[in-house]
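Each remark here refers to the structure printed beneath this line.
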There are 2 protein chains.
Amino acid sequence: MTMNRAQDVPVATTLPQPYLLFLGDTTEAAFAKTAFGLRDWAGDRCIGEWSCAGATVTTGLTRLTPKEARARGARALVIGVANLGGVISESWMPSLIEALESGLDIISGMHTKLGDAPALKSVAERRGRRLIDVRTPPPNITIASGRKRSGKRLLTVGTDCALGKKYSALALARAFAARGIDVDFRATGQTGILIAGSGIPMDAVVADFEAGAAEMLSPDSPAQHWDVIEGQGSLFHPAYAGVSLGLLHGSQPDVIVVCHEPNRTHMVGHSGYSVPSIEETIELNLILGRRTNPAIRCAGISLNTSLLEAGAAADLLAREYARLGLPVADPMRGDGEFERLVDACLA
Amino acid sequence: MTMNRAQDVPVATTLPQPYLLFLGDTTEAAFAKTAFGLRDWAGDRCIGEWSCAGATVTTGLTRLTPKEARARGARALVIGVANLGGVISESWMPSLIEALESGLDIISGMHTKLGDAPALKSVAERRGRRLIDVRTPPPNITIASGRKRSGKRLLTVGTDCALGKKYSALALARAFAARGIDVDFRATGQTGILIAGSGIPMDAVVADFEAGAAEMLSPDSPAQHWDVIEGQGSLFHPAYAGVSLGLLHGSQPDVIVVCHEPNRTHMVGHSGYSVPSIEETIELNLILGRRTNPAIRCAGISLNTSLLEAGAAADLLAREYARLGLPVADPMRGDGEFERLVDACLA
């Protein structure tokens with residue numbers, strides 16, 4: 001499996017590893033998806049976790065101070081939490097400075113640039129440490145042409161943010177590879193880029209170039225090659241739908257997999273907005289996606305059942321399969337349903 | 001009529017006027033919409049036009065060299081043409097340098113920044129002239145909240161780019177004001193900003209903040225106040241649909257007016273893509289717009305009949321009115337149909 005082909009995609013940067021994962025002072029697991037993603041998909045390169053007083057979320061990795069982590073070989077602290085607006089919280093500053101003083105670089109996927117914080121900048125300069133922002137898009141993005149590209153493409157789409165689009169894409173890419181298929185995982189967000197080592201941070205691209213960036217991310221490839229593209233946001237999200245539509249148009253997917261979290265009733269961070277149904281989400285993505293790929297189809301559903309125990313999850317997957325007439329799987333449980341979803345993607 | 005309320009909206013900059021309009025070497029009228037817009041809506045502040053050898057498009061204004069224009073009082077040359085990708089053409093450089101040498105500032109709405117051209121930068125510095133980019137968004141945009149705002153909003157939407165969304169919004173704002181209504185024209189593109197003197201260049205905003213910028217552009221206002229918002233792109237455009245969706249969601253319009261050019265069969269600059277029907281465009285905008293304003297409705301159609309003679313245009317407006325059951329008008333012809341469209345917007 002080639003998880004990336006660095007020559008195709010602008011590499012954000014070569015990142016110093018292994019990592020110490022930083023959880024800030026977060027009390028909401030949905031905001032720590034970067035840390036969870038790194039634990040699950042780059043666990044061999046994560047030495048431990050660290051957080052401020054007040055944090056209640058944990059990845060389950062060993063808790064280490066920056067000094068302890070550095071002694072065990074860590075080379076960078078990765079900010080593993082996000083928040084609305086993507087700003088670096090003032091309350092994190094003492095921890096970040098401690099990391100620099102302990103000899104770690106800092107890697108961030110936030111909107112705010114690390115170097116814009118004078119305190120960090122001066123300590124980093126004094127200590128000879130790097131402040132690395134993986135959300136800076138490549139400079140050479142062009143306007144989308146809409147031209148159909150060769151090769152096959154799958155895009156994970158969602159009913160909301162932060163419910164498994166990246167996990168689903170990683171799991172599908174891994175499953176495709178296990179079947180001997182030539183596949184690339186294409187990262188579109190900070191965590192995916194941290195995991196993959198390349199990609200384009202789609203939400204940081206200037207709006208006019210959004211679909212063009214998506215075209216650049218999955219270039220022409222051999223006819224039997226698959227790009228499995230990490231989705232972003234949701235067409236139903238009051239803040240991020242434009243990102244989702246640009247990514248859908250530019251990716252021109254042959255196949256979509258709809259990602260959903262069955263216990264979620266309202267959009268994360270936007271409680272005035274209900275989560276759309278799976279059927280609505282399929283329909284709207286197909287209506288809009290047909291504009292750049294008339295052959296687009298939905299292969300199935302990826303249900304995030306992490307809040308359910310195993311029996312309840314299995315029951316729900318079976319019920320949803322019967323109701324929707326499409327494969328429904330939770331890739332994190334990696335069962336027979338998931339193989340059926342992989343079959344449907346490749347059909 | 002208050003065309004803007006500068007205290008509400010970040011002003012790009014205070015622009016030096018009057019203008020000399022520069023048409024580059026363009027041979028396609030659709031690319032010169034900035035120059036036409038300034039002629040029609042800020043004509044009292046346009047001294048003349050200028051272009052390179054090979055240009056075939058004209059605004060009909062007096063042709064003047066930069067030196068002649070300066071002698072007649074012009075203070076800036078405005079780049080009145082656009083092209084795919086928004087780059088400043090190398091072939092324009094001698095003309096732009098001549099303008100600076102003649103004592104004019106240069107104002108640009110292109111993606112490429114004027115100051116990024118070393119030749120322009122050095123001449124401007126030597127001559128003490130300004131290079132002004134109106135496409136730089138304000139720095140303080142936040143993520144959209146999705147919160148319903150007070151006051152009324154109208155958004156012009158389109159079947160394609162460059163067919164009259166700005167003209168229609170300006171004409172509607174002017175007509176609302178003529179009826180004694182408290183109204184603001186809200187500019188979202190470079191020409192609108194040049195005309196209005198404030199606004200946000202929506203296609204230059206980072207994608208994650210697109211809907212947030214639209215929320216900022218039309219803030220809370222008195223219950224009977226109208227914002228008439230200039231649309232951008234088209235939900236059917238393979239490159240720009242994400243911009244259109246972010247603007248639609250963030251504007252949360254009560255009323256849309258669909259803009260269309262009846263002679264156009266394919267999208268400008270994307271000949272592989274057909275122009276959608278008016279009905280499809282109404283339907284998709286209402287489906288997506290309902291997400292942030294369930295009361296959204298389509299008041300009618302603005303047809304750009306500039307390629308038709310008067311009799312054929314009148315016939316077409318009548319036929320489309322009968323076919324669609326909605327007011328259909330060409331605001332540039334300013335006839336009874338247009339007053340009917342205004343009635344429907346305010347109904």
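The values are calculated or read from the model by the stated rules, or taken from the named source; none is laboratory data. Please read these numbers as outputs of a predicted model, since none were measured by experiment. Cβ sites come from the backbone with ideal geometry, for glycine too, and all protein chains shown count toward neighbours. Heavy atoms of the whole protein, side chains included, go into the accessibility calculation; ligands, DNA and RNA do not. Shrake-Rupley method; radii C 1.70, N 1.55, O 1.52, S 1.80 Å.
Scanning the range B:309-336 for residues that are under 19 Å from B:Thr281 (Cβ atoms) and open to solvent by 50 Å² or more (accessible area, probe 1.4 Å) turns up B:Arg319, B:Tyr321, B:Ala322, B:Arg323, B:Gly325. Restricting attention to the range A:196-208, the residues being within 14 Å of chain B (Cβ to nearest Cβ) and open to solvent by less than 10 Å² (accessible area, probe 1.4 Å) number 5.
Residues checked against (1) under 18 Å from the mean Cα position of the chain (by Cα); (2) of a type in the set (Phe, Trp, Tyr); (3) buried (at least 24 other Cβ atoms within 10 Å of the Cβ); (4) over 26 Å from B:Lys148 (Cβ atoms):
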| position | (1), (2), (3), (4) |
| --- | --- |
| B:Gln190 | yes, no, yes, yes |
| B:Leu194 | yes, no, yes, yes |
| B:Glu210 | yes, no, yes, no |
| B:Ala213 | yes, no, yes, no |
| B:Leu247 | yes, no, yes, no |
| B:His266 | no, no, no, yes |
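Is it fair to say A:Leu155 is part of a helix (DSSP H, G or I), in contact with a helix residue (DSSP H, G or I) (Cβ under 9 Å, 6 or more places away or on another chain) and open to solvent by less than 10 Å² (accessible area, probe 1.4 Å)? Against the criterion (part of a helix (DSSP H, G or I), in contact with a helix residue (DSSP H, G or I) (Cβ under 9 Å, 6 or more places away or on another chain) and open to solvent by less than 10 Å² (accessible area, probe 1.4 Å)), A:Leu155 does not qualify.
Contact annotation: residue pairs with Cβ atoms under 6 Å, 6 or more positions apart or on different chains, pairing a residue in the range B:251-273 that is at negative phi with a partner that is among the aromatic types (Phe, Trp, Tyr) and modelled with pLDDT of 95 or more, are B:Met267/B:Tyr273.
Of the residues making up the range B:117-141, those that are open to solvent by 20 Å² or more (accessible area, probe 1.4 Å) and more than 23 Å from the chain's Cα centre (by Cα) are B:Pro118, B:Ala119, B:Lys121, B:Ser122, B:Glu125, B:Arg126, B:Arg127, B:Gly128, B:Arg129, B:Arg130.
Just one of the numbered conditions (1) aliphatic (A, V, I, L, M); (2) open to solvent by 10 Å² or more (accessible area, probe 1.4 Å); (3) out of contact with any Leu (no Cβ under 8 Å at 6 or more places or on another chain) is not true of A:Ile181: (3).
In the range A:274-303, what residues are open to solvent by 30 Å² or more (accessible area, probe 1.4 Å) and of a type in the set (Val, Ile, Thr)? Across the range A:274-303, the qualifying residue is only A:Ile287. Filtered by the rule that a residue be more than 12 Å from chain B (Cβ to nearest Cβ) and more than 17 Å from A:Val243 (Cα to Cα), the range A:283-301 gives A:Ala295, A:Ile296, A:Arg297, A:Cys298, A:Ala299, A:Gly300, A:Ile301. Being open to solvent by 10 Å² or more (accessible area, probe 1.4 Å), among the hydroxyl-bearing types (Ser, Thr, Tyr) and within 10 Å of chain A (Cβ to nearest Cβ) holds for only one residue in B:Ser271, B:Ser306, and it is B:Ser271.
What do you reckon, is B:Ser234 closer than 18 Å to A:Phe209 by Cβ, in a helix (DSSP H, G or I) and among the hydroxyl-bearing types (Ser, Thr, Tyr)? So B:Ser234 fails the test.
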